[in-house]
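Bear in mind these aren't lab numbers, they're just calculated from the coordinates by the rules spelled out. Remember, it's a predicted structure, so these values are computed and weren't measured experimentally. Because the Cβ atoms are built from the backbone with ideal geometry, glycine has one as well, and the counts that use them run over all protein chains shown.
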Amino acid sequence: MLELHGNIWRTRCTGCGKVAIDHRAPLPEIPSRCPECGGLLRPDVVWLGESLPPGMLAATLENGAHLVEINPAKTPLSARAHEVIRAPATEALPRWWNDLNHSIRTTT
Ligand SMILES: [Zn+2]
């Protein structure tokens, strides 16, 4: 599984771009600072309104990825998705994940 939207446990420095894993919770200081350059750290995720990393989607589709779009609204990527689920991710993702696991258990 490729995390197109990133991973909340990774940080990305807004100064030097360094990416690191950070499992600390709660964070000792907010906002957190980069140990390398002192720049502000942000979660290494794609927030609402931001674009996916350039070229990532095309590369994953060229390598045979099965694209599932979970979004209440149509997006520019809807036409390229193999599955489209029109619902909020908080509702649809657990149901989709359970269905996928059930499907894997019954076919193996
Ligand atoms: Zn930095």
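What's the angle, to the nearest 10 degrees (0 to 90), between helix 89-107's Cα axis and the longest principal axis of the chain? Approximately 60 degrees, to the nearest ten.
What do the square roots of 5 times the Cα gyration tensor eigenvalues come to for the stretch 1-50, in whole Å, largest first, as semi-axes of the equivalent ellipsoid? Mind showing how you got there, number by number?
Numbers: eigenvalues 68, 33, 21 Å².
Rounded to whole Å, the semi-axes are 18, 13, 10.
List ILE70, ILE30 from most exposed to least, where exposure is judged by having the fewest other Cβ atoms within 10 Å. Before the final figure, lay out each step's value.
Values: ILE70 18, ILE30 7.
The order, fewest Cβ neighbours first, is ILE30, ILE70.
Over all projection directions, the Cα-based convex hull of the stretch 36-76 averages an area of 4.7 nm².
Going by average Cβ density within 10 Å per residue, which order do the peptides 49-59, 85-95 take, highest to lowest? Before the final figure, lay out the partial values.
Numbers: 49-59: 10.7, 85-95: 12.5.
Result, highest mean first: 85-95, 49-59.
Hull surface divided by four, with the convex hull built on the Cα atoms of the chain: how many nm²?
On the way: hull surface 36.5 nm².
Directional mean of the projected Cα hull area for the chain stands at 9.1 nm².
Packing-wise, with mean Cβ within 10 Å as the measure, how do 15-21, 100-106 rank, highest first? Walk me through the numbers before you get to the answer.
Working: 15-21: 12.0, 100-106: 9.3.
Descending packing order for the listed peptides: 15-21, 100-106.
Gyration tensor analysis over the Cα atoms of the stretch 61-108 returns equivalent ellipsoid semi-axes of 21, 16, 6 Å (largest first, whole Å).
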